[in-house]
Amino acid sequence: MIYIQISLLIIGLIICQASNIIDLENCTYSLNLYKEYLNVLWSSNDSRTLHIQAIYSLSYNESSQFGHIYTYSSQSLALIPFFLQCSLPKNLSFKSYLPFTQCSSTITNFSSKKNYESTRTHLNIKSISSMTNVPLLYIGEHYLILSNCSFQWNSTIYRLKSNEIFSFRIEYESPISSECFSCNRRTSICHDRTCQCRTGTMPLKLYENKQFCIDITRDCTLDSQRCLYSDSVRSNRFNQLVLILVVLIILVSILILSLLWYLFQHKNEKQRKEFSSNQSIFTIDQYEQTPSTISTTDSIRFAIDQEYPKIIGEDDNGETIFILA
């Protein structure tokens, strides 16, 4: 009887567990979000393959812009969001994208033409660009295939069907004066077979001493994600100015304190020299004491008033006294 109860309990747990897994249907990339935040060069008809151009960032180590290239441990990686939308159950309120946390991934390297085996990849969930629970991938210049993606929400696991496959092709923008292989479509043009800056942009060194075109229009009409007058760049510049101001205030304070200390020392030294020039001061060592000097030493200890010569001080517990003649 006990074995039957244990068997029923195990079967119940399996059924309960199975009921907490939901397969998602009709999933596609959220193209509107990708086109708003990234340089989308091409998308397939079924919206499951994207060709994205990653661009070099104005802020080198701050992961704050989608599709920008940052340096991590001397390696350049692009920050790519995984915006996927599906037909959702009524209990889910996600609209533009789902917070997938892991996928099976396969990578092909463009330069080496090497294919890597499929691995289980964990996506980073972050709040970025005023968006919460954004799944992020840090990708090199690769062709990436994703499948079997899933996430858990309120004790329920939501996953893609096994035949649902999505892919990225990530290429990095080319610097100016290089061949027109991958000119930035927003800020540069191909002229005389080389990438050149558009009107309304300017060249700026961003990576390995190479120049790239950045938007300098007031309204950031060409590239709002890499613009000289964007809010993020303004904020960084403001922080840098505040830091410089703080450092200058500290240096000026140190300079003023040093000057005051010098003036104080100089004043004391000047008074001492003036006093020395107007009066004659004799010092009597304890071994040179005579009966008269002993009495004068005693007089200073007992606060006895006397005329000149006057004892004005002592050192080393009376071993040496100073007499004003």
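The values are calculated or read from the model by the stated rules, or taken from the named source; none is laboratory data. Nothing here was measured: the structure is a model prediction, and the numbers come from that model. Cβ sites come from the backbone with ideal geometry, for glycine too, and all protein chains shown count toward neighbours. The area values use the complete protein model at the heavy-atom level, side chains included, leaving out ligands, DNA and RNA. Shrake-Rupley method; radii C 1.70, N 1.55, O 1.52, S 1.80 Å.
Which of the residues that make up segment 71-103 are modelled with pLDDT of 95 or more and open to solvent by 20 Å² or more (accessible area, probe 1.4 Å)?
101, 102
With respect to residue 125, determine if the residue is of a type in the set (Val, Ile, Thr), closer than 23 Å to residue 95 by Cβ, open to solvent by less than 90 Å² (accessible area, probe 1.4 Å) and in contact with a Ser or Thr (Cβ under 8 Å, 6 or more places away or on another chain).
Yes, satisfied.
Counting only residues that are closer than 23 Å to residue 130 by Cα and in contact with a helix residue (DSSP H, G or I) (Cβ under 9 Å, 6 or more places away or on another chain), how many does segment 27-75 have?
9
Could you tell me which residue of segment 156-174 is most open to solvent (accessible area, probe 1.4 Å), considering only residues that are assigned to a strand (DSSP E or B) and under 23 Å from residue 91 (Cα atoms)? Quick ask: steps written out before the conclusion?
Our first condition is that a residue be assigned to a strand (DSSP E or B); within segment 156-174, this holds for 156-160, 165-172.
Next cut, under 23 Å from residue 91 (Cα atoms) only: 156-160.
Numbers: 156: 22, 157: 64, 158: 2, 159: 100, 160: 6 Å².
So, considering only residues that are assigned to a strand (DSSP E or B) and under 23 Å from residue 91 (Cα atoms), the one most open to solvent (accessible area, probe 1.4 Å) is 159.
Report whether or not residue 177 is under 16 Å from residue 69 (Cα atoms) and not in a strand (DSSP E or B).
On the way: under 16 Å from residue 69 (Cα atoms): no; not in a strand (DSSP E or B): yes.
Here the answer is no, as residue 177 does not meet what is asked.
Identify, please: which residue in segment 137-155 is within 15 Å of residue 119 (Cα to Cα) and over 31 Å from the mean Cα position of the chain (by Cα) and is, among those, most open to solvent (accessible area, probe 1.4 Å)?
Among those residues, the one meeting the criterion is 148.
Looking at the structure I just gave you, is residue 185 open to solvent by 70 Å² or more (accessible area, probe 1.4 Å), part of a loop (DSSP other than H, G, I, E, B), closer than 28 Å to residue 29 by Cα and in contact (Cβ under 8 Å) with a residue 12 or more places away in the chain? Quick ask: steps written out before the conclusion?
Working: open to solvent by 70 Å² or more (accessible area, probe 1.4 Å): yes; part of a loop (DSSP other than H, G, I, E, B): yes; closer than 28 Å to residue 29 by Cα: yes; in contact (Cβ under 8 Å) with a residue 12 or more places away in the chain: yes.
Yes, satisfied.
Going through segment 20-46 one residue at a time, which ones are farther than 28 Å from residue 157 by Cα and among the charged types (D, E, K, R)?
Answer for segment 20-46, where residues must be farther than 28 Å from residue 157 by Cα and among the charged types (D, E, K, R): 35, 36.
Name the one entry in 170, 189 that is aliphatic (A, V, I, L, M) and under 30 Å from residue 101 (Cα atoms).
Testing whether each residue is aliphatic (A, V, I, L, M) and under 30 Å from residue 101 (Cα atoms) leaves just 170.
Please count how many residues of segment 76-105 are of a type in the set (A, V, I, L, M) and over 11 Å from residue 134 (Cβ atoms).
5
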